[in-house]
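Here's the structure we're looking at; comments come further down.
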Amino acid sequence: GAGVSQSPSNKVTEKGKDVELRCDPISGHTALYWYRQSLGQGLEFLIYFQGNSAPDKSGLPSDRFSAERTGGSVSTLTIQRTQQEDSAVYLCASSLHGLAGNEQYFGPGTRLTVT
Amino acid sequence: DQQVKQNSPSLSVQEGRISILNCDYTNSMFDYFLWYKKYPAEGPTFLISISSIKDKNEDGRFTVFLNKSAKHLSLHIVPSQPGDSAVYFCAVASYDKVIFGPGTSLSVIP
């Protein structure tokens, strides 16, 4: 596909369960980002992958959150032992190069609801 | 402590008039400034950007102004159209960090 895709589009899970969210960036984009948007809030940066460098995890809210990017392409964001405050829209974006001045292309997001 | 502020959570403008969205940041380390637009149930889309060496960048109906000394940027949309109704996020970036503002919801009234 031409754009960033994310799956699933919606996920409802019970508190305490683990969830995995997937992001397929635009082919050839070296940088990949995860954000979270809680209801009525702005975009909260979570993690940033650039090429083969170690990811910048400074935005992850707790150690229940982790992310991988395999082969420099697809990324998964894993949330362990989900809590109700994890309910949000999780957005993935990619850019051709790194952060500075490069526009990011966003996927449609995954809406996570923890009951 | 918010590093990027958009102090107007919402804005209503008549069709054909100018929309002005404002953004303030606290740290002078940022080199690039971007605006994104977001429709409901979609991811944000890039609109326009400016680097710190410029004070104005124009693209059609959209113009971004940067005042580095005031750490302030603004987005002007003229003339505003109903299809511009969306949430607008400013973002500030350096080589290793990007921070988004909380967004301003723009409604353009026909």
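Taking a quarter of the surface of the Cα convex hull of chain A, what do you get in nm²? Mind showing how you got there, number by number?
Details: hull surface 27.0 nm².
With the hull built on Cα positions only, its mean projection is 6.8 nm².
Going toward the positive end of the dipole of chain A, with +1 on Lys and Arg Cβ and -1 on Asp and Glu Cβ, which of A:ILE26, A:SER75, A:SER9 do you reach last?
Positive-end residue among those listed: A:SER9.
Please compute P(r) over all alpha-carbon pairs of the protein assembly as shown, binned at 10 Å starting from zero, and give each bin as a whole-number percent.
8, 33, 35, 19, 4, 0
What does the charge dipole of the protein assembly as shown about its Cα centre add up to, to the nearest 20 debye, if the Cβ of each Lys and Arg holds +1 and the Cβ of each Asp and Glu holds -1?
Values: 20 positive and 21 negative charges, 31 e Å.
Dipole size: approximately 140 debye.
If each of B:GLN81 and B:ASP96 carries a label point 7 Å out from its Cα toward its Cβ, how far apart are those two points in nm?
Rounded to a tenth, the inter-label distance reads 4.2 nm.
List the residues of segment B:79-110 that lose 20 Å² or more of accessible area once all protein chains are present, compared with their chain alone (1.4 Å probe, heavy atoms only, no ligands or nucleic acids).
Residues of segment B:79-110 that lose at least 20 Å² of accessible area once the other chains are added: B:PHE89, B:TYR95, B:ASP96, B:VAL98, B:PHE100, B:PRO102.
Just subtract the alpha-carbon distance of A:ASP63 and A:ARG22 from 0.36 nm times their residue separation and send over the number in nm, one decimal. Write out the running numbers ahead of the final one.
Numbers: separation 41, 0.36 × 41 = 14.76 nm, distance 1.87 nm.
Going from the current span to full extension adds 12.9 nm.
State the three equivalent ellipsoid semi-axes of segment B:21-82, derived from the C-alpha gyration tensor as the square roots of 5 times its eigenvalues, in descending order and whole Å.
Values: eigenvalues 90, 40, 20 Å².
Three semi-axes, in Å: 21, 14, 10.
In the structure shown, do any of A:LYS15/B:LYS37; B:LYS5/B:LYS38; B:LYS68/B:LYS97 have a Cα-Cα gap over 28 Å, and if so which?
Values: A:LYS15/B:LYS37 32 Å; B:LYS5/B:LYS38 17 Å; B:LYS68/B:LYS97 18 Å.
Cα-Cα > 28 Å for A:LYS15/B:LYS37; rest within.
For chain B, what does the equivalent ellipsoid look like in terms of its semi-axes, each the square root of 5 times an eigenvalue of the Cα gyration tensor, given largest first in whole Å? Display every interim value, and only then the final one.
Details: eigenvalues 102, 43, 30 Å².
After scaling each eigenvalue by five and taking roots: 23, 15, 12 Å.
Roughly how many whole Å is it from the C-alpha centroid of segment B:93-110 to that of segment A:66-115?
Cα centroid of segment B:93-110 versus Cα centroid of segment A:66-115: 18 Å apart.
For segment B:4-109, what is the relative contact order in percent, using Cα pairs closer than 8 Å and at least 6 residues apart in sequence?
Values: 263 pairs, mean separation 40.5, N = 106.
It rounds to 38 percent for segment B:4-109.
Counting only protein heavy atoms, what percent of the accessible surface of the protein assembly as shown is carbon or sulfur at a 1.4 Å probe? Mind dumping the intermediate values first?
On the way: 5080 of 10790 Å².
Answer for the protein assembly as shown is 47 percent, counting heavy atoms of protein chains only.
Just counting partner chain Cβ atoms within 10 Å, what average do the residues of peptide A:34-40 show around their Cβ? Provide the component values of the computation, followed by the final result.
Values: counts 0, 4, 0, 7, 0, 0, 3.
The per-residue average across the peptide is 2.
At a threshold of 8 angstrom on Cα-Cα distance, excluding pairs fewer than six apart, so keeping six or more, what relative contact order does chain A reach in percent? List each step's numbers first, then the result.
On the way: 280 pairs, mean separation 43.7, N = 115.
Worked out over chain A, it gives 38 percent.
Return the value, in Å² to the nearest 100, of accessible area buried between chains B and A (probe 1.4 Å, both sides summed).
Counting protein atoms only, the buried area is about 1400 Å².
The values are calculated or read from the model by the stated rules, or taken from the named source; none is laboratory data. Every value quoted in this text rests on a predicted model; they were computed, and no experiment measured them. Counting neighbours? That spans all protein chains shown, and the Cβs are built from the backbone with ideal geometry, glycine included. Side chains included, ligands, DNA and RNA excluded: accessible areas come from the protein's heavy atoms. Shrake-Rupley method; radii C 1.70, N 1.55, O 1.52, S 1.80 Å.
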